[in-house]
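Taken together, the values in this text are just the output of simple stated rules run on the coordinates, not laboratory data. Not measured: the values here are computed from a predicted model. We place every Cβ from the backbone using ideal geometry, glycine too, and count neighbours over all the protein chains shown.
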Amino acid sequence: MNDIRKGLVGVVVDTTAISKVNPESNSLLYRGYPVQELADRCSFEEVAYLLWNGELPTPDQLAEFQAEERANRTLDDTVLGVLDELPHTAHPMDVLRTAISVIGAADETLNEPGGWTDENANRGRSLRLLAQIPSILAYDQRRRRGQTLIPPSENLGFSENLLNMTFGEVPGPVVTKAFDVSMILYAEHSFNASTFTARVVTSTLSDLYSAVTAATGALKGPLHGGANEAVMHMFEEIGSAADAERWLDEALSQKRKIMGFGHRVYKHGDSRVPTMKAALDALVEHYRRPDVAELYDALEKAMTDRKGILPNLDYPSGPAYALMGFDTLTFTPLFVASRIVGWTAHVIEQLQANALIRPLSEYTGESERHLS
Ligand SMILES: CC(=O)SCCNC(=O)CCNC(=O)[C@H](O)C(C)(C)COP(=O)(O)OP(=O)(O)OC[C@H]1O[C@@H](n2cnc3c(N)ncnc32)[C@H](O)[C@@H]1OP(=O)(O)O
Ligand SMILES: O=C([O-])CC(=O)C(=O)O
């Protein structure tokens, strides 16, 4: 019998220079910088530039980068036409996955020789996806609410523009900063399931849109990015802090997974949670919703007491997005709006030293037999 690591637990499959997840020191570095420092001192655009280029931008580089991102936000008619055709009952992650696929199908540069894997072309595609994903998810939430499309504004930064396209106004600095922090924290996390998916697709020398479409599908699952949506369903099911313990005991007795808790790599707490919890606390105060913090704390305490399992980033992000006014179904697309940076950085890195990813399996089916 081979030594099989189910779920690839503990298996190191490649090197990366993009981020370092260190469960021992409970830290996360983007290109060497602690994510907490970046969340405190930088904008999401600066962090995106860092992840893609290895260094933080100079003021001139940032201005050029922002101008390019702002100039690429408008969705073309093909994408808008497809969005309008999709039923309102479609999950926003399915809408987003479909829209990304349509953007790829409309990209004629893929037809150029070597067009699928050209690094410069892939950098341009990555930036355009970063610019357009907010337009897709904002329009999708609005059309489900029966509201009209709000065009992007070239006068607004990434987070302000996303919020404006979704809600028709730019909220104040507390909300905008909390949102920007969430984008920074979600941007990259080494070989998580969706990023690994993107790298597997890329390793076949397929194109970047195929990798991102597949990664979007992987992120949708509740054991990964779908957990931020699932946390909110769970909060709704529990109701209030007073019911948290009773609810948890029943859920655990039914062997349910408690959404927003646990992590494959971090076993002593997710490095990003304190920063996102501080952002959530600011929102709780801003919106005067102590009940949200009370439920959050009560469930966290009960889960720690019962199982010793700590929250992951999706636990504070879910209620934070709910307070901002996003539909629960839009939470995981917000994760995509940020993680597109990490995924595409990994697509580019994979192509710089590619090897087809193809593990082995141990066969446990019928032994060889023949037709009589
Ligand atoms: C941004 C992100 O993607 S972060 C992850 C988001 N996902 C979630 O929040 C979903 C809930 N969490 C989980 O399902 C898991 O913790 C995962 C999938 C994230 C990690 O899974 P694994 O690494 O396979 O878990 P691990 O091996 O550490 O589990 C150890 C034990 O704790 C249990 N456990 C782990 N997380 C949870 C949880 N959230 N609720 C209940 N039990 C849990 C496991 O069932 C296992 O119990 P067992 O030994 O009796 O079988
Ligand atoms: O690293 C993981 O397995 C999941 C995660 O936290 C992320 O993708 O941000």
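The table below lists the values:
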| item | result |
| --- | --- |
| Shape category assigned to the range 56-182 from the gyration tensor of Cα positions, a/c cut at 1.5 | oblate |
| Per DSSP, loop GluC sites (Glu not before Pro) in the range 338-371 with at most 10 further Cβ within 10 Å | 362, 366, 368 |
| Among 40-52, 6-18, the order from most to least packed when residues are scored by Cβ within 10 Å on average | 40-52, 6-18 |
| Ordering of 223-230, 267-274 by packing [mean C-beta count within 10 Å, highest first] | 223-230, 267-274 |
| Cα principal axis extents for the range 138-205, largest first, Å | 42, 27, 22 |
| Ranked by how many other beta carbons lie within 10 Å on average, peptides 137-148, 160-171 from highest | 160-171, 137-148 |
| Alpha-carbon centroids, the range 156-179 and the range 275-341: separation in whole Å | 18 Å |
| Debye equation applied to the C-alpha atoms of the chain, log10 I(q)/I(0) at 0.09, 0.13, 0.15 Å⁻¹ | -0.52, -1.08, -1.42 |
| Nonlocal Lys pairs with alpha-carbon distance under 23 Å, the chain (8 or more apart, or different chains) | 25 |
| Computed helical MRE - 222 nm, the chain, DSSP H runs ≥ 4 contributing -39500 (n - 2.57), nearest 500 | -18500 deg cm²/dmol |
| Length-normalised contact order of the chain in % [C-alpha pairs under 8 Å, at least 6 apart] | 23 percent |
| Most positive-pole-ward Cα, 131, 318, 156, against dipole of the chain from beta carbon charges | 318 |
| Charge dipole magnitude, Cβ of K and R +1, D and E -1 - the chain, Cα centre, debye nearest 20 | 840 debye |
| Relative contact order computed over the range 179-332 (Cα-Cα under 8 Å; 6+ residues apart), in percent | 30 percent |
| Charge dipole of the chain about the Cα centre (unit charges at C-beta), most positive-ward option of 227, 103, 212 | 227 |
| Chain lengthening between residue 190 and residue 91 when straightened (0.36 nm per residue, less Cα-Cα) | 33.0 nm |
